[in-house]
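In what follows, a structure is listed as structure tokens, so that the remarks can point back to it.
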Amino acid sequence: WYVVTGADVQTGSLTCNGAVNLILADGAKLTATGGYRQAGVTVSGNGNSLTIYGQSAQSGQLIAKGGRQGAGIGGGYNQSGSNITINGGKVTATGAEDGAGIGGGDNCSGSNIIINGGNVIANGGVLNGVGAAGIGGGFWGSGYNIFINGGTVTANVEGKASGIGGGWEGSGSNIKVATSLTVYADNTNPPTSEILHT
């Protein structure tokens with residue numbers, strides 16, 4: 001378990017080894033910036049996971065920025081991103097070129113991503129008009145087992161990829177959003193993903 005309390009904590013890439021639980025205290029801000037081909041916060045490989053909590057409705061922030069070809073939160077280059085749960089806090093995750101905001105790095109998938117609460121903004125990385133999903137797969141990567149049960153979620157991509165689902169040339173599947181929620185996701189560019197309401 002880790003608690004972020006500082007008002008402006010800045011670090012390089014962080015890597016989750018084992019089951020990591022991160023609490024964002026009120027007024028705190030943590031900025032994690034990945035190096036070349038690294039995720040801002042790496043969550044990849046068997047047995048590794050990240051669960052984020054906000055202390056309260058006025059909770060702190062996590063800003064995660066991928067390095068080139070890395071996700072904001074998830075995988076670096078040629079790394080999948082999985083087992084990511086957000087229960088609260090203000091989380092902004094931005095992938096670099098061809099890395100998902102939350103999910104896979106370049107060439108890899110993003111899966112087992114659950115959002116139960118918080119204010120989440122995920123920006124997929126784009127290079128030359130094609131790229132990665134906001135939430136899901138990196139460039140050429142698929143996005144699957146993505147469940148949004150609460151919170152406010154915005155998934156952006158400014159190139160050919162899904163807001164939630166697969167990156168360019170990837171697929172999206174088993175993506176579910178609670179019927180009571182409005183999720184803002186740009187799925188106008190191929191590949192589109194079927195988002196089911198539960």
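The values are calculated or read from the model by the stated rules, or taken from the named source; none is laboratory data. Everything quoted here is computed from the prediction, not taken from an experiment. As a convention, Cβ positions derive from the backbone with ideal geometry for all residues, glycine included, and neighbour counts pool all protein chains shown. Accessible surface areas use protein heavy atoms only, side chains included; no ligands, DNA or RNA. Shrake-Rupley method; radii C 1.70, N 1.55, O 1.52, S 1.80 Å.
What separates the Cα centres of the range 17-92 and the range 111-129 is a distance of 11 Å. Looking at the range 1-110, none of the trypsin sites (Lys or Arg not before Pro) sits in a DSSP loop with at most 13 other Cβ atoms within 10 Å of its own Cβ. Measuring only protein heavy atoms, the 1.4 Å probe finds Val183 accessible over about 40 Å². Residues Asp8, Asp26, sorted by accessible area with the largest first, give Asp8, Asp26 [1.4 Å probe; ligands and nucleic acids excluded]. Remark: the range 37-77 is approximated by an ellipsoid whose semi-axes, taken from the C-alpha gyration tensor as √(5λ), come to 23, 14, 4 Å, largest first. Once the chain from Gln58 to Lys176 is taken as fully extended at 0.36 nm per residue, the excess over their C-alpha distance is 39.8 nm. By the Kirkwood approach, averaging reciprocal distances over each pair of separate Cα atoms, the range 58-198 gets a hydrodynamic radius of 13.4 Å. Computed over protein heavy atoms with a 1.4 angstrom probe, the accessible surface ordering of Glu97, Glu169, largest first, is Glu169, Glu97.
With all protein chains in place and a 1.4 Å probe, the accessible surface of the chain carries 46 percent carbon and sulfur. The alpha-carbon of Lys160 sits under 23 angstrom from the alpha-carbons of these lysines, leaving out residues fewer than 8 places away in its chain: Lys65, Lys176.
Derived scalar couplings between HN and Hα for the range 53-65 equal 10, x, 4, 7, 5, 9, 5, x, 10, 10, 10, 10, 10 Hz in order, rounded to whole Hz, by the Karplus curve 6.51 cos²θ - 1.76 cosθ + 1.60 (θ = phi - 60°), x for Gly and Pro.
Once the 1.4 Å probe is applied to the protein heavy atoms, the chain comes out at 40 Å² accessible per residue.
Can you find, among Gly151, Asn78, Gln58, the residue sitting farthest towards the positive end of the charge dipole of the range 50-175, where Lys and Arg contribute +1 and Asp and Glu -1 at Cβ? Result: Gln58, furthest along the dipole toward the positive end.
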